[in-house]
């Protein structure tokens with residue numbers, strides 16, 4: 001029977017290209033939304049300090065140009081405020097999603113970080129930064145594609161400091177099993193759902209045996225539930241050395257709070273700079289998307305005056321946001337357009353070796369939208 005049917009199948013495949021899996025053929029993948037999923041979603045927008053209004057404005061223009069099903073509730077905040085305004089917090093809690101420009105935190109003094117306040121009050125326990133090579137952007141290393149997942153609510157950022165006696169300050173580092181386990185679970189879940197192969201825990205348990213030891217113990221317990229994903233560990237100082245010498249060895253990294261900040265910024269610098277690395281902060285109920293690595297350029301007044309801030313990082317972060325909102329096609333269009341602009345190299349801001357303004361980059365991205 002099989003011999004008789006084989007010639008018939010060959011004839012059918014020859015007549016219908018859709019049945020023939022030959023070279024160059026492609027099959028579209030259908031995303032089947034639930035009824036009503038196309039309704040525009042409200043997103044809280046915090047413009048931020050310095051270059052923040054420039055780059056958030058860039059995102060608004062691109063979203064409008066591709067008719068993305070989102071609309072923004074825009075708020076003005078600055079890092080010198082003592083706390084996040086109640087109307088901003090109410091908007092984020094209602095909308096569940098926020099896009100944010102950088103907020104400066106004064107160095108020293110008694111003003112606490114609004115960024116940390118947002119993470120704690122909304123319980124955004126995981127920070128994710130994706131550091132990867134962009135075609136057309138020359139870097140010292142190739143094949144870099146690292147995801148740094150950082151615990152976001154405790155550790156050195158617990159803010160438990162006091163002056164014991166004049167000239168002696170005690171700062172407490174808090175590590176709990178609950179927070180360590182949930183960020184480890186998130187890292188392994190991310191790796192599993194994104195077809196990542198390895199999760200590396202970053203620690204200093206050789207010195208901080210109890211605190212970082214508890215973090216490692218939690219990671220090991222979670223790792224045992226994901227046998228298909230390779231798990232390893234690395235001491236943070238060796239990790240930094242390995243990052244700058246052979247970054248391509250890393251895949252997904254999970255870290256306590258402070259180490260993650262350092263590792264993410266180092267990886268971002270290796271892969272092309274903070275101006276092009278997307279990121280976000282996520283909890284069980286809410287998510288805030290922002291420039292992935294340290295927004296040290298936020299307060300650069302010259303960039304503000306010349307209107308030459310790099311919008312790429314926040315544009316890519318907004319693509320992450322679109323996926324979070326279950327609009328994958330819009331996310332793909334935006335990412336593809338940004339990558340085309342970087343690959344062509346005609347419209348690059350100063351940090352990428354060019355002279356373009358923010359608006360010129362935005363116009364180029366809009367022109368490259370499919």
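Which one of 82, 120 is outside any loop (DSSP other than H, G, I, E, B), out of contact with any helix residue (DSSP H, G or I) (no Cβ under 7 Å at 6 or more places or on another chain) and surrounded by fewer than 22 Cβ atoms within 10 Å (Cβ to Cβ)?
120
Inside region 16-72, residues that are modelled with pLDDT of 95 or more, in contact with a helix residue (DSSP H, G or I) (Cβ under 7 Å, 6 or more places away or on another chain) and assigned to a loop (DSSP other than H, G, I, E, B) make up a count of 2.
Taken together, 310, 281 contain a single residue that is crowded, with 20+ Cβ neighbours inside 10 Å, under 24 Å from residue 91 (Cα atoms) and either more than 14 Å from the chain's Cα centre (by Cα) or in contact (Cβ under 8 Å) with a residue 24 or more places away in the chain (or both), which is 281. Filtering region 234-277 to residues that are outside any helix (DSSP H, G or I), closer than 17 Å to residue 151 by Cα and within 14 Å of the chain's Cα centre (by Cα) leaves 252, 253, 254.
Evaluating residue 215 against the criteria (1) closer than 20 Å to residue 153 by Cβ; (2) buried (at least 21 other Cβ atoms within 10 Å of the Cβ); (3) within 21 Å of the chain's Cα centre (by Cα) leaves one unmet condition, (3). Residue pairs whose Cβ atoms lie under 7 Å apart, separated by 6 or more positions or on different chains, with the first residue in region 84-95 and within 14 Å of residue 115 (Cα to Cα) and the second modelled with pLDDT under 95 and assigned to a helix (DSSP H, G or I), are 84/114; 84/117; 84/118; 89/121.
Please specify each residue of region 149-163 satisfying the condition of being assigned to a strand (DSSP E or B) and in contact with a helix residue (DSSP H, G or I) (Cβ under 9 Å, 6 or more places away or on another chain). Working first, answer last.
Filtering region 149-163 down to residues assigned to a strand (DSSP E or B) leaves 149-151, 155-163.
149, 150, 151, 155, 156, 157, 158, 159 - these are the residues of region 149-163 that are assigned to a strand (DSSP E or B) and in contact with a helix residue (DSSP H, G or I) (Cβ under 9 Å, 6 or more places away or on another chain).
Checking each residue in region 146-186 for being under 16 Å from the mean Cα position of the chain (by Cα) and either at pLDDT below 95 or closer than 14 Å to residue 257 by Cα (or both) picks out 148, 149, 150, 151, 152, 183.
Take the conditions (1) touching a residue at least 12 places away in the same chain (Cβ under 8 Å); (2) farther than 27 Å from residue 287 by Cβ; (3) exposed (fewer than 13 other Cβ atoms within 10 Å of the Cβ); residue 225 misses just one of them, which is (2).
The values are calculated or read from the model by the stated rules, or taken from the named source; none is laboratory data. Not measured: the values here are computed from a predicted model. Here Cβ is always computed from backbone atoms with ideal geometry, including for glycine, and neighbour counts include all displayed protein chains.
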